[in-house]
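**Student:** Handing you a structure now.
No value in this document is a laboratory result; all are computed from the given coordinates. Since we're looking at a predicted model, the values are computed, not measured. Every residue, glycine among them, receives a Cβ derived from its backbone with ideal geometry; neighbour counts consider all protein chains shown.
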Amino acid sequence: MAITFPPPATDKHELEAAGAFTPRFDAHGLVTVVVTDAGDGELLMVAHMNAQALALTVETGIAHYWSRSRQALWKKGETSGNLQTVVEMRTDCDQDAVWLKVRVAGQDATCHTGRRSCFYRTVNRVGDGARLEIADDRIHFDPAEVYRKGPTD
């Protein structure tokens with residue numbers, strides 16, 4: 001039986017208490033998802049889910065997202081082999097954001113650049129501007145090799 005979500009709770013107490021999960025999708029039908037490693041807590045990525053991706057994630061225990069660039073459902077790791085198994089799913093107080101704690105299969109890399117995390121750069125002030133510096137230059141897989149067959153994930 002497919003998971004469906006009831007309309008968002010309107011009562012503040014109901015929204016903040018235990019009970020039905022009633023995610024509040026934005027005007028584009030999406031909810032923001034923060035993804036961290038279940039083992040060490042490192043921030044791996046931020047993505048979005050529509051109702052179908054969220055339902056599939058709850059049903060299967062494997063992270064699914066909505067790709068805004070491709071306008072398509074996206075099973076994270078389907079191409080690279082770095083599937084994200086959900087260890088815990090949380091939502092914030094007003095149910096408009098989701099936090100996934102995951103274990104990453106394969107080469108323990110989440111970013112399509114081959115790095116563990118999509119947050120591999122620091123932003124530093126330089127004069128009256130800002131500059132990006134690489135903080136994590138360890139490449140876990142060759143993106144050109146992994147993504148020859150299909151779109152990046």
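**Student:** Restricting to the range 1-37, name every residue that is surrounded by fewer than 16 Cβ atoms within 10 Å (Cβ to Cβ) and of a type in the set (Gly, Ala, Ser).
**Tutor:** Within the range 1-37, Ala2, Ala17, Ala18, Gly19, Ala20, Ala27, Gly29 qualify.
**Student:** Can you name every one of the strands (runs of 3 or more DSSP E) wholly within the range 92-147 that holds 3 or more residues which are over 13 Å from the mean Cα position of the chain (by Cα), over 22 Å from Lys75 (Cα atoms) and without any contact (Cβ under 8 Å) to a residue 60 or more places away in the chain?
**Tutor:** Numbers: elements: 97-104, 121-126, 129-134.
Result: 121-126, 129-134.
**Student:** From the residues in the range 40-85 that are aliphatic (A, V, I, L, M) and assigned to a loop (DSSP other than H, G, I, E, B), which one is nearest to Gly29 (Cα to Cα)? Break it down into steps so the answer makes sense when it comes.
**Tutor:** The initial filter retains those residues of the range 40-85 that are aliphatic (A, V, I, L, M), namely 43-47, 49, 51, 53-56, 58, 62-63, 72-73, 83.
Among the residues that remain, those that are also assigned to a loop (DSSP other than H, G, I, E, B) are: 63, 83.
Numbers: Ala63: 18, Leu83: 24 Å.
Among residues in the range 40-85 that are aliphatic (A, V, I, L, M) and assigned to a loop (DSSP other than H, G, I, E, B), the one nearest to Gly29 (Cα to Cα) is Ala63.
**Student:** Continuing with this model, one more query. Could you please tell me which pairs satisfy a Cβ distance under 9 Å, a separation of 6+ or placement on different chains, a first residue in the range 7-19 that is in contact (Cβ under 8 Å) with a residue 12 or more places away in the chain, and a second residue that is assigned to a helix (DSSP H, G or I) and hydrophobic (A, V, I, L, M, F, W, C)?
**Tutor:** Correct list of pairs: Pro8/Leu15; Ala9/Leu15.
**Student:** Checking Arg68 against (1) among the basic types (Lys, Arg); (2) within 15 Å of the chain's Cα centre (by Cα); (3) surrounded by 15 or more Cβ atoms within 10 Å (Cβ to Cβ), only one condition comes out false. Which one?
**Tutor:** The failed condition is (3).
**Student:** Of all residues in the range 13-39, which are part of a strand (DSSP E or B) and aromatic (Phe, Trp, Tyr)?
**Tutor:** Passing the criteria: none in range.
**Student:** Could you give every pair whose Cβ atoms fall below 9 Å, whose first residue belongs to the range 46-72 and is over 19 Å from Ser117 (Cα atoms) and touching a residue at least 12 places away in the same chain (Cβ under 8 Å), and whose second residue is of a type in the set (S, T, N, Q) and outside any strand (DSSP E or B), counting only separations of at least 6 or pairs across chains?
**Tutor:** Correct list of pairs: Ala51/Thr4; Ala55/Thr4.
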